[in-house]
Each structure stands twice: as C-alpha cells, then as structure tokens.
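Bear in mind these aren't lab numbers, they're just calculated from the coordinates by the rules spelled out. Worth saying up front: this structure is predicted, and the values here are computed from it rather than measured. A quick note on method: Cβ atoms are made from the backbone with ideal geometry, for glycine too, and the neighbour counts reach across all protein chains shown.
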Amino acid sequence: MGMDVIGKNAKNKRGEYFRNNVWWWRPLWNYCLTVHGDIAGAVKNGHSNNGDGLDADKAHALGMRLQKDIEDGFTAKYETEYREYLLSLPQTECQLCKGTGIRRDPIGVENGMPTRELDEEDSILLKRSHGWCNGCSGQGKKDAWDTNYPFSVENVQEFSDFLLNSGGFSIC
Ligand SMILES: [Zn+2]
C-alpha cells in the first residue's frame, strides 16, 4: 500500500507525482505537521489517501520551508534524533512464540519449528541446538513496531522538489 501524491498543476515532471509507501509517508508527513503545522495543518487528514491536499500557494510555501530546513541542517539533525529515538525503543515480545524463541502453535508445529536443528551461527547466538520461530528468528523478541517507519533527509528533499513544482497536490 502506498500514498500517491498528485500534482494539481505540475510545472514539470518532478511536480507530477510523489510516491511513498505508508512506512515512509507517515514519518514524512509527521515531520511536516510537527515542524510546519501552520501550513501542513490545512490538510484534513494527511495520513489517509482521501484526496485532500494543499493549494498551489501552500504547497509552494511548504516546499520552500522544507528546502530551508535542509539547507540549515535542521532536517539532518531531526533525522539523527529520530534514529536515536528508534534505537532507544525497547524490543517487544514476539507474539508467535510468546517470547520463547520457539514457535509451538499449530503452524509452528506443522512446519517443524520446535524440533528444527539450528545452523552453527544461530545455535551459538541462541545458545541451543534446536527450536526456531519465524517471527523473531528464534530470539523471542522483535524490534519495536515504530522501527518500521524510516525517515531521511533525501526523502524530504524529494518531497520538497515535488512540492515546489506541483502547483498544489492531493493525496490519493
Ligand atoms: Zn518468535
């Protein structure tokens, strides 16, 4: 699933279309809302693809702000802090194996996971010779859900380029 952001009156190719999958879109739009809510807040629900968006003036203004953020180094600092935040999140218990690292539900049993022999690397890491879970690679824990949502300066740059050339946009 993705967010297709369509330029309403594109000046050129770069303003025609911007696409992020949902994982990338959420942090990007949150950035716009958090840092430039006075403009981005005009979109009713930027996290849903319901066709809402910004007119030409507002889209251009947001593009200029994002560009300035990048030039000032603000976006890079935000990216660093965002990554540090993700790294600070505690891992969560794997639901498939209830944190044991060995999947014993019917699907796990059917696929031989409780008795599967581990390769050398995994058995050293997991301190056992047998028993697997495909949900957590046998570790019993998974990275926090939010780590699925990446953010980067490059992505902001692409969005800014789009905004400056879009003539307004709608999120579809
Ligand atoms: Zn598991």
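Quick notes
- Top positive-direction residue, dipole computed over region 128-172 with Cβ charges, set SER152, GLY140, GLY167: GLY140
- A Cβ-based charge dipole, computed about the Cα centre of region 1-87 with Lys and Arg at +1 and Asp and Glu at -1, lands at about 280 debye.
- Taken about its Cα centre, the chain carries a charge dipole of about 340 debye when Lys and Arg each add +1 at the Cβ and Asp and Glu each add -1 at the Cβ.
- Rounded to whole Å, sorted largest first: equivalent-ellipsoid semi-axes of region 80-136, Cα gyration tensor: 27, 15, 8
- P(r) tail fraction, region 42-164 - alpha-carbon pairs more than 18 Å apart, %: 68
- Compared with the dominant Cα axis of the chain, that is its longest principal axis, helix 22-40 is turned about 40°.
- 0 to 90° range, to nearest 10: angle between helix 56-72 axis and the chain longest Cα axis: 60
- Folded to 0 to 90 degrees: helix 74-88 orientation relative to the chain principal axis, Cα: 20
- Shown for region 11-79: lysine pairs separated by 8 or more places, or found on different chains, whose C-alpha atoms are under 18 Å apart, numbering 4.
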